[in-house]
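Novice: After the structure tokens below, expect a handful of questions from me.
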Amino acid sequence: MRSIATRAGVVAATAVLALTGLGAATASAATTADAPIAADATYASLAGEWQGSGTAGSNPVQPHFFFYGNGTLKMIPEDNAYLATGTWKQSGSSFTFHLEHPIYDSTGAVVSYIKADQTGTINGDTWTSTGTSGRYDTQGNLLETFTVTLKANRV
């Protein structure tokens, strides 16, 4: 009887060890599969929600960003005047993003568009970026360019 119990214990222990190893392999695979597609695993991912501050030309701005794991983004300004959409890419601690949004007049009609490109660096739960934005009329003619400098913290 004792030898049957001992064999059963060895079989059970072997099964636990095998499942533990399988669990670790499965967890590792799941972690890799769940990682944001554009992020280097050794750096924090830009994917997530961020509160920013900075300047657009000489104007202070406080945009709210949403960077999604599929490489898209949304940005909402502090006054909720529009929704900007775009794309982003990350390589290590460096990233770029492009976004566009309409500018409305007091009646709600679109009078121009902004196209913005930023290059930045992420460090943990903070990032900084700088770039050039252009304002275009509704026919696509460039009206002006200005520098945008941003800093953001993860929400």
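Novice: HN-Hα J couplings of region 118-135 from phi, Karplus 6.51/-1.76/1.60, θ = phi - 60°, integer Hz, Gly and Pro as x?
Specialist: Running phi through 6.51 cos²θ - 1.76 cosθ + 1.60 with θ = phi - 60° gives 10, 10, x, 9, 9, 9, x, 9, 9, 9, 10, 8, 8, x, 10, 10, x, 10 Hz.
Novice: Remind me, what semi-axes does region 48-154 give for its equivalent ellipsoid, largest first in whole Å, using sqrt of 5 times each Cα gyration tensor eigenvalue?
Specialist: 24, 14, 13
Novice: Name the residues of region 122-155 whose amide N is less than 16 Å from a point 7 angstrom out from the Cα of residue 109 along the C-beta direction?
Specialist: The answer is 137-140, whose backbone nitrogens lie closer than 16 Å to the label point.
Novice: May I pose another question? Could you calculate the contour length gain from residue 136 to residue 49, that is, 0.36 nm times the residue separation minus the distance between their Cα atoms, to one decimal place in nm?
Specialist: 28.5 nm
Novice: Evaluate the distance, in nm, between pseudo-label points positioned 7 Å from the Cα of residue 74 and of residue 93 along their respective Cα→Cβ axes.
Specialist: 3.1
FYI, it's all coordinate maths here, none of it is from the lab. Note that the structure is predicted; figures quoted are calculated from it, not measured. Positions of Cβ are generated from backbone atoms using ideal geometry, with glycine treated the same way; all protein chains shown enter the neighbour counts.
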